[in-house]
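Notes to accompany the following structure.
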Amino acid sequence: MVLNVGKVKAQDFDYIVEEVSAVRNACVGKTLKVILETCYLTKEEIRLASIACMTANADFVKTSTGFGTGGALVEDVLIMKEIAKDKEVKASGGVRSQEDVEKMISAGATRIGTSSGVKLVQGQVADTDY
């Protein structure tokens, strides 16, 4: 699911917890990944949104859909992993090289979202932004 960015901007984290919890309850036994679309959020909003998602028992927090203005940043992944602890963090968008992958993993990403996985494994640089 994609997090309601407007509710994050409005600081309505009770709504976020309720909405993510509702989806969690609807998909029992399935993996729930919540996409924060971090390019639209401040560092503090990323932190608070991650807390709300973990409170609602999401399995993952993810940086980006690939449709926003930017993808994963190391500093965003660090914030998300600090909150997620033993849960998963997916870094998506902007991961274009093996070096980028290594930085994201070092920051706490447990998954990498890219359309260039083969190129990255082969040591090539991706020719797309996602």
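The values are calculated or read from the model by the stated rules, or taken from the named source; none is laboratory data. What you are looking at is a predicted structure, and each value in this text was computed from that prediction instead of being measured. Note: ideal-geometry Cβ built from the backbone for every residue, glycine included; neighbour counts use all protein chains shown. Heads up: the accessible areas ignore ligands, DNA and RNA and are worked out on the full protein's heavy atoms, side chains in. Shrake-Rupley method; radii C 1.70, N 1.55, O 1.52, S 1.80 Å.
If you take the residues in the stretch 107-130 that are under 22 Å from ALA49 (Cβ atoms) and touching a Ser or Thr at 6+ places or on another chain (Cβ under 9 Å), which one is most open to solvent (accessible area, probe 1.4 Å)? Looking at residues that are under 22 Å from ALA49 (Cβ atoms) and touching a Ser or Thr at 6+ places or on another chain (Cβ under 9 Å), I get ARG111.
Across the stretch 74-101, the number of residues qualifying as of a type in the set (Asp, Glu) and over 18 Å from ILE46 (Cα atoms) comes to 2. Comparison of ALA49, ALA72 shows that the only residue that is more than 21 Å from LYS103 (Cα to Cα) and open to solvent by less than 30 Å² (accessible area, probe 1.4 Å) is ALA49.
One line per residue, one yes/no per condition, for (1) of a type in the set (S, T, N, Q); (2) touching an Asp or Glu at 6+ places or on another chain (Cβ under 9 Å); (3) at pLDDT 95 or above; (4) on the phi < 0 side of the Ramachandran plot:
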position: LYS43; (1), (2), (3), (4): no, yes, yes, yes
position: ASP76; (1), (2), (3), (4): no, no, yes, yes
position: VAL89; (1), (2), (3), (4): no, no, yes, yes
position: SER106; (1), (2), (3), (4): yes, no, yes, yes
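Is it fair to say MET104 is in contact with a helix residue (DSSP H, G or I) (Cβ under 6 Å, 6 or more places away or on another chain), over 18 Å from CYS53 (Cβ atoms) and without any contact (Cβ under 8 Å) to a residue 60 or more places away in the chain? In short, yes. Condition first: within 14 Å of LYS90 (Cα to Cα), of a type outside the set (S, T, N, Q) and either open to solvent by less than 40 Å² (accessible area, probe 1.4 Å) or touching a His at 6+ places or on another chain (Cβ under 7 Å) (or both). Can you find one or more residues in the stretch 7-26 that meet it? No, there is no match, as no residue in the stretch 7-26 is within 14 Å of LYS90 (Cα to Cα), of a type outside the set (S, T, N, Q) and either open to solvent by less than 40 Å² (accessible area, probe 1.4 Å) or touching a His at 6+ places or on another chain (Cβ under 7 Å) (or both).
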